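Novice: First the structure, which I've put down as structure tokens, then a few questions once you've had a look.
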């Protein structure tokens, strides 16, 4: 198997896992966003965080979310791994996860056993969302504070925020304009995961994703805001649900070359 570029490396602790989870971070984050997922996953589930462009991943210019999803799907295909796979994405990463699943279904011929989308609604926001090209640093910092998930100490460090905002602008520019104009029904289970207090992506807002999945699709809600999935209880519950569903799925797991 050739070495991965977008997918994080396998570790010795993953030996023996019988199912896989490919996880795409949110805008501005890196694959380290899922370090606790790797640690807390059941021993039978291999969690492979996706490396973001320029942050562990290849330093390439991507045309948009679809190209990013295609690149991830190609690596999954190239690994020629017979174990069933689920794809997860949080916030803007949820759109990349959708495109990854779409590409596996259309180009590789076999969809993932499960697609899990967290923290991003299936309908665009009424105001069009945050424009990274027009927003000031102060507006981006306010956006991060409103979303939660970034420690206050980091947001108070000018040196670190300069780096963080540069990465956030790059990701938001990549994701902007990719929303929901040509979503298709994938025919696989889609779980739409919501934070009960996430104003932009609560359970009612996430429900529209179900129309693009099979009749086994559902909405899952956890207490909290935009990063509700980061709470230990929610994270472990979701990982257990994903593991059980993927291992009992009747979806063909082998993705041929």
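The values are calculated or read from the model by the stated rules, or taken from the named source; none is laboratory data. The structure presented is a predicted model; accordingly, all values stated were derived computationally and were not measured. Please note: Cβ atoms are built from the backbone with ideal geometry, for glycine as well, and neighbour counts cover all protein chains shown.
Novice: Return yes or no: is residue 149 buried (at least 18 other Cβ atoms within 10 Å of the Cβ) and at pLDDT 85 or above? Steps first, please.
Specialist: On the way: buried (at least 18 other Cβ atoms within 10 Å of the Cβ): yes; at pLDDT 85 or above: no.
Answer is no for this residue.
Novice: Output the qualifying pairs, or none if there are none: Cβ atoms under 9 angstrom, residues six or more apart or on different chains, first residue in segment 200-219 and without any contact (Cβ under 8 Å) to a residue 12 or more places away in the chain, second residue crowded, with 19+ Cβ neighbours inside 10 Å.
Specialist: That search, which allows pairs on different chains as well, returns 204/194; 215/189.
Novice: List the pairs whose first member sits in segment 1-21 and is surrounded by 18 or more Cβ atoms within 10 Å (Cβ to Cβ), whose second member is at pLDDT below 80, and whose Cβ atoms are under 7 Å apart, counting only residues at least 6 apart or on separate chains?
Specialist: 6/57
Novice: Out of curiosity, is residue 154 exposed (fewer than 13 other Cβ atoms within 10 Å of the Cβ) and either modelled with pLDDT of 85 or more or in contact with a helix residue (DSSP H, G or I) (Cβ under 6 Å, 6 or more places away or on another chain) (or both)? Don't jump to the end; show me each part of the working.
Specialist: Values: exposed (fewer than 13 other Cβ atoms within 10 Å of the Cβ): yes; either modelled with pLDDT of 85 or more or in contact with a helix residue (DSSP H, G or I) (Cβ under 6 Å, 6 or more places away or on another chain) (or both): yes.
When the stated conditions are applied, residue 154 passes them.
Novice: Exactly one condition in (1) more than 16 Å from residue 28 (Cβ to Cβ); (2) assigned to a loop (DSSP other than H, G, I, E, B); (3) modelled with pLDDT of 80 or more is false for residue 226; which is it?
Specialist: (1)
Novice: List the number of the failed condition for residue 106; all other conditions in (1) within 18 Å of the chain's Cα centre (by Cα); (2) modelled with pLDDT under 95; (3) closer than 15 Å to residue 183 by Cα hold.
Specialist: Only one criterion is unmet by residue 106, namely (1).
Novice: Looking only at segment 17-28, how many residues end up being in a loop (DSSP other than H, G, I, E, B) and touching a helix residue (DSSP H, G or I) at 6+ places or on another chain (Cβ under 8 Å)?
Specialist: The first filter runs over segment 17-28 and keeps only residues in a loop (DSSP other than H, G, I, E, B), leaving 17-18, 25-28.
With touching a helix residue (DSSP H, G or I) at 6+ places or on another chain (Cβ under 8 Å) added as a condition, the list becomes 18, 25-28.
Selection size over segment 17-28: 5.
Novice: May I pose another question? Can you tell me which of 89, 93 is surrounded by 23 or more Cβ atoms within 10 Å (Cβ to Cβ) and part of a helix (DSSP H, G or I)?
Specialist: Details: 89 fails: part of a helix (DSSP H, G or I).
None of the other options fit; the residue is 93.
Novice: While we're on this one: Modelled with pLDDT under 95, buried (at least 16 other Cβ atoms within 10 Å of the Cβ), in contact with a helix residue (DSSP H, G or I) (Cβ under 7 Å, 6 or more places away or on another chain) and not in a loop (DSSP other than H, G, I, E, B), is that true of residue 172?
Specialist: Working: modelled with pLDDT under 95: yes; buried (at least 16 other Cβ atoms within 10 Å of the Cβ): yes; in contact with a helix residue (DSSP H, G or I) (Cβ under 7 Å, 6 or more places away or on another chain): no; not in a loop (DSSP other than H, G, I, E, B): yes.
Against the criterion (modelled with pLDDT under 95, buried (at least 16 other Cβ atoms within 10 Å of the Cβ), in contact with a helix residue (DSSP H, G or I) (Cβ under 7 Å, 6 or more places away or on another chain) and not in a loop (DSSP other than H, G, I, E, B)), residue 172 does not qualify.
Novice: Residue under question is residue 205, and the condition is that it be in contact with a strand residue (DSSP E or B) (Cβ under 8 Å, 6 or more places away or on another chain), at pLDDT below 95, part of a helix (DSSP H, G or I) and crowded, with 19+ Cβ neighbours inside 10 Å; does it hold? I'd like the intermediate steps shown before the answer.
Specialist: On the way: in contact with a strand residue (DSSP E or B) (Cβ under 8 Å, 6 or more places away or on another chain): yes; at pLDDT below 95: yes; part of a helix (DSSP H, G or I): yes; crowded, with 19+ Cβ neighbours inside 10 Å: yes.
Answer is yes for this residue.
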